[in-house]
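The block underneath contains the structure these notes are about, expressed in structure tokens.
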Amino acid sequence: MILTADRIVTPGRTLAPGWVRVVSERIEEVGEGGPPSPADVVLTGTLVPGFVDAHCHGGGGASFTVGDADEAMDVAAAHLRHGTTSLVASLVTDEVPQLERHVRVLGELVTDGVLAGVHLEGPWLSRDFCGAHEPSLLRPPSPADVDRLLAAGGDALRMVTIAPELDGAMDAVHRIADAGVVVGVGHSDASWEQAREAIDAGASVATHLFNQIRGLHHRRPGPIAALLEDERVWVELISDGVHVHPAMLRLALAAAPGRIMLVTDAMGAAAADDGDYHLGPIHVQVRDGVARTPSGAIAGSTLTMAGAVRHSVASGFTLEQAVDAATRAPAAALGLTDVGRVEAGARADLVVLDEGLTVSAVMRQGIWEG
């Protein structure tokens with residue numbers, strides 16, 4: 001089929017107007033101006049790639065952290081309605097046997113094409129920057145535990161977040177990166193030097209930068225400076241108006257242009273109602289769209305990727321910068337080679353945004369959803 005749209009955001013430039021030819025589940029051609037033959041579908045608004053969320057714990061009232069396949073499918077469906085066509089299931093700190101079981105369950109959905117991968121956020125995190133993770137379950141990464149979870153995840157395990165200052169962390173970074181799994185630096189009290197060492201060892205993502213990590217200091221710059229200044233690192237940002245001030249979003253964009261990846265860090269209340277939820281073993285209260293533990297710590301977000309794009313534009317990103325950070329950049333960071341772009345050969349994952357940047361239609365693998 002041939003689709004036309006008022007605007008199409010492609011890598012490098014926006015076509016206004018433009019057209020896309022979809023054959024089966026792939027994009028075959030993209031062009032500017034009028035189509036070569038009459039359009040099958042005329043779209044009003046802006047056509048962008050399907051969103052790629054590299055860090056998500058739940059949504060639609062459901063959660064990945066319970067390790068249930070049906071519930072995981074509900075999460076994917078909820079975010080798909082809001083334009084996320086590639087979704088990584090993020091787990092939180094738990095006992096290693098429990099994580100092993102959950103990784104295996106979610107891995108089957110990766111094999112089936114429902115999910116784009118699994119992300120282990122914990123248990124190898126700093127107690128001083130644990131956020132909504134259960135402190136008693138945090139631990140240094142032992143070779144046995146690392147190998148156990150790598151084996152459980154197999155090709156489905158896409159990313160692991162780790163605090164580089166922990167005992168055994170550098171060996172773990174090497175092991176994980178050598179297995180072809182992306183390593184994120186986060187929930188960390190690392191020094192600038194330790195963060196640099198982790199990057200040299202293979203770490204390539206800053207997990208939700210600015211949140212639950214040692215802050216910037218002019219004499220002790222810490223991990224934030226190391227992650228922002230190194231061009232090998234992709235930088236996650238939670239752009240929801242709660243986690244990061246707009247000025248800091250702009251600072252990160254200026255420091256790492258082309259390396260920003262928007263993530264939701266969403267929990268079960270994303271695309272759902274306020275109420276009481278669980279994030280792994282932690283009880284979470286959601287009031288006025290903000291998720292917190294009983295102690296007051298922020299516990300993930302209620303964000304969708306479409307919401308992240310809207311808030312980023314309101315914070316000073318251009319539409320093209322926000323879309324890039326929600327599509328091409330996270331796909332590149334995760335090694336997903338056929339999504340995140342409107343170009344020939346890519347998977348036909350497409351989202352239509354209206355003038356208010358609200359999702360009005362979603363195509364995944366060449367099929368319109370809903």
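Annotations
- Checking each residue in region 68-101 for being crowded, with 24+ Cβ neighbours inside 10 Å and either basic (Lys, Arg) or over 19 Å from the mean Cα position of the chain (by Cα) (or both) picks out only Leu99.
- Residue match in region 254-265 (condition: touching a helix residue (DSSP H, G or I) at 6+ places or on another chain (Cβ under 6 Å), over 17 Å from Ala325 (Cα atoms) and part of a loop (DSSP other than H, G, I, E, B)): no
- Residue in region 30-48 that is under 25 Å from Met267 (Cβ atoms) and touching a Lys or Arg at 6+ places or on another chain (Cβ under 8 Å) present: no
- Near pairs, Cβ below 7 angstrom, 6+ apart or cross-chain, from region 344-363 (closer than 13 Å to Asp6 by Cβ) to any residue that is of a type in the set (Val, Ile, Thr) and open to solvent by less than 10 Å² (accessible area, probe 1.4 Å): Leu353/Thr46; Leu353/Val48; Ser360/Val352
Yes/no per residue for (1) assigned to a loop (DSSP other than H, G, I, E, B); (2) modelled with pLDDT of 95 or more; (3) over 17 Å from the mean Cα position of the chain (by Cα); (4) crowded, with 24+ Cβ neighbours inside 10 Å:
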{"site": "His283", "(1), (2), (3), (4)": "no, no, yes, no"}
{"site": "Leu303", "(1), (2), (3), (4)": "yes, yes, no, yes"}
{"site": "Leu336", "(1), (2), (3), (4)": "yes, yes, no, no"}
{"site": "Ala361", "(1), (2), (3), (4)": "no, yes, yes, no"}
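The rows are residues; the columns are (1) assigned to a helix (DSSP H, G or I); (2) within 25 Å of Asp68 (Cβ to Cβ); (3) within 19 Å of the chain's Cα centre (by Cα); (4) in contact (Cβ under 8 Å) with a residue 60 or more places away in the chain.
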| residue | (1), (2), (3), (4) |
| --- | --- |
| Val103 | yes, yes, yes, no |
| Ala132 | no, yes, yes, yes |
| Ala144 | yes, no, no, no |
| Thr161 | no, yes, yes, no |
| Glu193 | yes, no, no, no |
| Glu197 | yes, no, no, no |
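- Set side by side, the residues Leu120, Leu99 differ, and just one is closer than 25 Å to Met261 by Cβ and not in a strand (DSSP E or B), which is Leu99.
- Residue match in region 238-245 (condition: open to solvent by 40 Å² or more (accessible area, probe 1.4 Å), assigned to a loop (DSSP other than H, G, I, E, B) and among the aliphatic types (A, V, I, L, M)): yes
- Residues of region 12-59 that are small (Gly, Ala, Ser) and either in a strand (DSSP E or B) or open to solvent by 50 Å² or more (accessible area, probe 1.4 Å) (or both): Gly12, Ala16, Gly18, Ser24, Gly31, Gly34, Gly45, Ala54, Gly58, Gly59.
- Residues in region 313-334 that are open to solvent by 30 Å² or more (accessible area, probe 1.4 Å) and either of a type outside the set (S, T, N, Q) or assigned to a helix (DSSP H, G or I) (or both): 9 in all.
- Residues considered: Gly345, Gly340. Of these, the only one that is open to solvent by less than 10 Å² (accessible area, probe 1.4 Å) and either part of a loop (DSSP other than H, G, I, E, B) or modelled with pLDDT under 95 (or both) is Gly340.
- Residue that is farthest from Gly300 (Cα to Cα), among those in region 79-101 that are without any contact (Cβ under 8 Å) to a residue 60 or more places away in the chain and hydrophobic (A, V, I, L, M, F, W, C): Val96
- The residues listed here are Gly50, Gly59, Gly107; of these, the one that is on the phi > 0 side of the Ramachandran plot and in contact (Cβ under 8 Å) with a residue 24 or more places away in the chain is Gly59.
- Within region 186-203, one or more residues are of a type in the set (A, V, I, L, M) and touching an Asp or Glu at 6+ places or on another chain (Cβ under 8 Å).
- Residue within region 119-137 that is of a type in the set (Gly, Ala, Ser), farther than 23 Å from Ala169 by Cα and touching a helix residue (DSSP H, G or I) at 6+ places or on another chain (Cβ under 9 Å) present: no
- Tally of residues being hydrophobic (A, V, I, L, M, F, W, C) and either open to solvent by 10 Å² or more (accessible area, probe 1.4 Å) or touching a strand residue (DSSP E or B) at 6+ places or on another chain (Cβ under 6 Å) (or both) across region 142-151: 3
The values are calculated or read from the model by the stated rules, or taken from the named source; none is laboratory data. Please read all numbers here as calculations on a predicted model, not as lab measurements. Note that each Cβ is placed from the backbone with ideal geometry, even for glycine, and that neighbours are counted across all protein chains shown. Protein only, heavy atoms only, side chains kept; ligands, DNA and RNA dropped before computing areas. Shrake-Rupley method; radii C 1.70, N 1.55, O 1.52, S 1.80 Å.
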